[in-house]
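Visitor: I have a structure I would like to understand better, so I am pasting it below and will then ask my questions one at a time.
Every number here is computed from the coordinates shown, using simple stated rules; none is lab data. Model, not experiment: these values are computed from the prediction. As a convention, Cβ positions derive from the backbone with ideal geometry for all residues, glycine included, and neighbour counts pool all protein chains shown.
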Amino acid sequence: MVTLKDVAKRAGVSVATVSYCINKKKNIKPETQLKVRAAIEELNYIPNFSARNLKNKASEEIGVILPDLDDLTNSEILKGIIAQADLRQFSVNIACSYNNPHNEMAIIEKFLSKNYAGIILMTCQTQNTAFFQKTFQKNEISNVFIMRLPGNISTNFLGFDNYSTIHFITERLLQEGYTDVALLVGSHDFFSESECVNGYSDAFDTYGIPLKPENILYTDMSKEGAFKVTMMYLASYMPQAIITSSQTIMDGVIEACSIHNIIAGENICLITLSEERWNQSFYHTNVIHTAASAYTLGEDSFRILMEEAISPQLYDRRFRLYKDNILGTDLPLPKPVFKPVRLSKEPVKTLHVASMDLPTIKALQGVCFKFLSTYNIQLVFDYFPLSELFEVIEQDTVSDSPMYDLYLSDVSWMRYFVSKESFLDITDLMNDIPELQQAVFAKNLSNARYHDAYYGFPIIGGTQFLFYRKDLFEDTSLRRQYKNEHKLSLRPPKTWTEFNTAAKFFTKEFNPDSPTLYGTAISSTIPEDFILELLTRIWGYGGSLFNNRGQLELNTPQNVRAFKNVLETTQFTPPGKNLNETTFEQIGNGSIAMAISFTEYASDIQNSLHPEFLSKIGYSMLPGNNPANVGWHFCVSKKTPKLDMIRKLFTWLCNRQNSYYETILCGQSTLVYPHTHHELLRLYPWLDLTPKGLSLCKDRFYPLHGKRELIKPADFEAYILNAFDRMQNDEISISEALAECQRSFVKKYY
């Protein structure tokens, strides 16, 4: 057994110093703490904070680790464990991992340090066999895994026979004439979920009916994740039945169905694996529930844990699956002929929108089925690339017969279009919405105003932020290497100089020991994306595009330093020009360590991540705390006759519940409500950054009034990007490029 003395010897410090570091009784130098932490990890030393427990073979306490307590199955299992523990006068210490492997490992190490009699675990990292062998087997602690079975490890396992249950349900549906059945489950890495898929697939094979792969849907097992998957699915398809592997997943399915006016038993058959209950009122109305006994599984998991703890040398490990009570019963299925989804018999009214295909707009499009069913008004979106949307708006607003009632307009376009009198002044309309001021972030509202009048409704807001590989920044060996090289602690960078230092450290060309190919990535294909990242550097170095008299002034020492910093960054990025989507893929496949993005794209980042990276991504404010003011608005055509319909839309968009739906689907909202909701904060940690980011963000104003015409924002951005390209190609110095850029711009427009 590893002792304090062993750790002290490995770290090259005294035993007392190790004790101080562990118990945090004295302030120890960071360098020393790093040495001690490294030695503890290398030797797999488990600090023990309970001297009383050490004297006994085992304490009268056990640890239970569950993903959460939201799921009914987890709660019932816990009740069974506690009931048996109470009979033996054992204490039960409960912790939730929230499906985060990093959290789970930290909890296990804490439990081991307490010398508990054993641990019962529903793991979220079934692939991490090495960790479990290193911890449970080497520390010889009794353990029982439930529902989710790690591969290649000898352990006790209790679960449900989901294969038989799902095979039985699917078989009965097929016997009744159902041919289009969807299955929604959690990760295929989990035994309980993969068995559902196997039972479902084999039932189709048995009856010789082709299985549609698109009808097998996967989620993260939360109701929010299930809601998101189901919303995307129902947007293009309507099955006869949906089977889910848990009641929590069914919660999300039912919420999505409600938005689409789909009613269980009337428009669709819904079936879920669930718990045995005497009170039918507990279950969802018209949803068929199975009847497994999670309580019994919980009781048995404690009994088995105690049997192994009492005589580990003589104990044979158990593998047990519990049958569902619904097996062999007469499953009460409705006939697979359902009523059509109810809609108004009145002719549908429409609002036509010129837009970009952005995540928030796609989310809104999905949720707007509820708006259609409530007001009989349909939003019809025409999508255009960024480079085309500006021109579409400009042409449509001067047309005698405009095609659109609403335009999606960027924050930076507002001054241009209002100066051209392109948009309707909607101040009176906005003031008629009582919820507006309390529902929408003040900064997002101010973005929709120009010269004290409203010209748009803020539909996309958020802020810029840094996302990074948290696991790499917390890795002991990498932290030690970085400290030795730079005399600084490895952390999410606070300045742009520190950003480049970290980016270089994580670029394999400059550091062969780097676990990633590149330190970062820059979205530089579209001028607007590039200039947003550039502006944060300019502000970070105290620069500006204008002097104190409001005149364009590019060639300043501060701006030169900012451009120099960006040029340095490009040495640590993948070759060529990157799109936002490419950046998401690069951090998703583990090839870059950090990048700058927007909350608008945050859910896309999360969706692109390989499952093993989901818990390894961290979020923080930008270096320098100078994010750019970003956002999009719904602006109103001056010639639309549909102001009453638009008023209903804007009022509907201020609804708290709608903001929850949209945030789950896309990860951002201009409304305040989602940013304080504990479930959504757990789902999307970056929501916590938005209020601070909005309070710090700076407006981006470009030259507007030329001598003969108004200057389009994209034209100015193109000049800046061209100057940067010349610097990057070594055609000209930074100072000369900025001076020449200003001269040519002034010559053309002034």
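Visitor: In sequence order, what are the phi-derived ³J(HN,Hα) couplings for the stretch 232-239 according to the Karplus relation 6.51 cos²θ - 1.76 cosθ + 1.60 with θ = phi - 60°, rounded to whole Hz, with x for glycine and proline?
Guide: 5, 5, 5, 5, 10, 8, 10, x
Visitor: Any chance you could give the angle, 0 to 90 degrees and rounded to 10, that helix 527-540 forms with the longest Cα principal axis of the chain?
Guide: 90 degrees
Visitor: Go through the stretch 618-633 residue by residue and turn each phi into a ³J(HN,Hα) via Karplus (6.51, -1.76, 1.60, θ = phi - 60°); whole Hz please, and just put x for glycine and proline.
Guide: x, 9, 8, 5, 5, x, x, 6, 10, x, 7, 6, 10, x, 9, 10
Visitor: Run through the stretch 648-750 and list the GluC sites (Glu not before Pro) located in a DSSP loop whose Cβ has at most 14 other Cβ atoms within 10 Å.
Guide: Hits after loop and neighbour filter: Glu709, Glu731.
Visitor: Going through the cross-link list Lys110/Lys323; Lys79/Lys114; Lys9/Lys114, which pairs have a Cα-Cα distance over 27 Å in this structure?
Guide: Distance filter (> 27 Å) returns Lys110/Lys323.
Visitor: For a quick check: with amide H placed at 1.01 Å from N, whose amide H comes under 5 Å from Glu275's, ignoring anything fewer than 5 positions away on the same chain?
Guide: Counting only residues 5 or more places away or on other chains, the set is Ala292.
Visitor: Modelled label-to-label distance, Asp400 and Asp452, 7 Å Cα→beta-carbon offset: nm?
Guide: 3.8 nm
Visitor: While we're on this one: What is the distance in Å between the Cα centroid of the stretch 224-266 and that of the stretch 389-463?
Guide: 34 Å
Visitor: At 1.567 mPa s and 4 °C, plugging the Kirkwood radius over alpha-carbon pairs of the chain into Stokes-Einstein gives what diffusion coefficient in µm²/s?
Guide: 44 µm²/s
Visitor: Give the cross-link partners of Lys504 among the aspartates and glutamates, using a straight C-alpha distance below 14 Å as the criterion and excluding same-chain residues fewer than 8 apart.
Guide: Glu485, Asp513, Glu568
Visitor: Over the stretch 355-478, with a single point scatterer placed on each C-alpha, what log10 of the ratio I(q)/I(0) does the Debye formula yield at q = 0.09 1/Å?
Guide: -0.35
Visitor: Two decimals, Cα atoms only, Kirkwood Rh: what is Rg/Rh over the stretch 170-260?
Guide: Reported Rg/Rh, Kirkwood definition of Rh: 0.95.
Visitor: State, to one decimal in nm², a quarter of the convex hull surface area for the C-alpha atoms of the stretch 632-750, i.e. the direction-averaged projected area.
Guide: Over every viewing direction, the Cα hull of the stretch 632-750 projects on average to 11.9 nm².
Visitor: Using a ≥ b ≥ c from the Cα gyration tensor of the stretch 260-416 (square roots of the eigenvalues), is it rounded, prolate or oblate, where a/c under 1.5 gives rounded and otherwise the larger of a/b and b/c decides, a/b for prolate?
Guide: The shape class here is oblate.
Visitor: Please give every one of the lysines within straight-line cross-link reach of Lys639, meaning a C-alpha to C-alpha distance under 21 Å, and leave out same-chain neighbours fewer than 8 residues apart.
Guide: Within reach: Lys349, Lys420, Lys648.
Visitor: Provide, for the stretch 673-750, the number of lysine pairs with alpha carbons under 30 Å apart, each pair being eight or more places apart or on different chains.
Guide: Lysine pairs, 8 or more places apart or on different chains, close enough: 8.
Visitor: While we're looking at this one, here's another question. For the stretch 406-458, compute Rh as the Kirkwood radius over C-alpha pairs and then the Stokes-Einstein diffusion coefficient at 25 °C and 0.890 mPa s; write the answer in µm²/s, rounded to an integer.
Guide: So the translational diffusion coefficient is about 216 µm²/s.
Visitor: Still on this structure, I have one more. Starting from the 7 Å offset along Cα-to-Cβ, what nm value, one decimal, do you get for the label separation of Ser236 and Thr582?
Guide: 2.5 nm
Visitor: Using the Karplus curve 6.51 cos²θ - 1.76 cosθ + 1.60 with θ = phi - 60°, what ³J(HN,Hα) values do you get for each residue of the stretch 585-600, in whole Hz, with x for Gly and Pro?
Guide: Couplings: 5, 5, 6, x, 9, x, 8, 10, 9, 6, 6, 9, 8, 10, 4, 4 Hz.
Visitor: Still on this structure: According to the square roots a ≥ b ≥ c of the eigenvalues of the Cα gyration tensor, what is the shape class of the stretch 52-188, taking rounded for a/c under 1.5, prolate for a/b larger than b/c otherwise, and oblate for the remainder?
Guide: Taking the square roots of the gyration eigenvalues as a ≥ b ≥ c, the stretch 52-188 is prolate.
Visitor: Under the 0.36 nm per residue contour assumption, what length would be gained going from the current alpha-carbon distance of Glu485 and Thr129 to full extension?
Guide: Contour length minus the Cα-Cα distance gives 124.8 nm.
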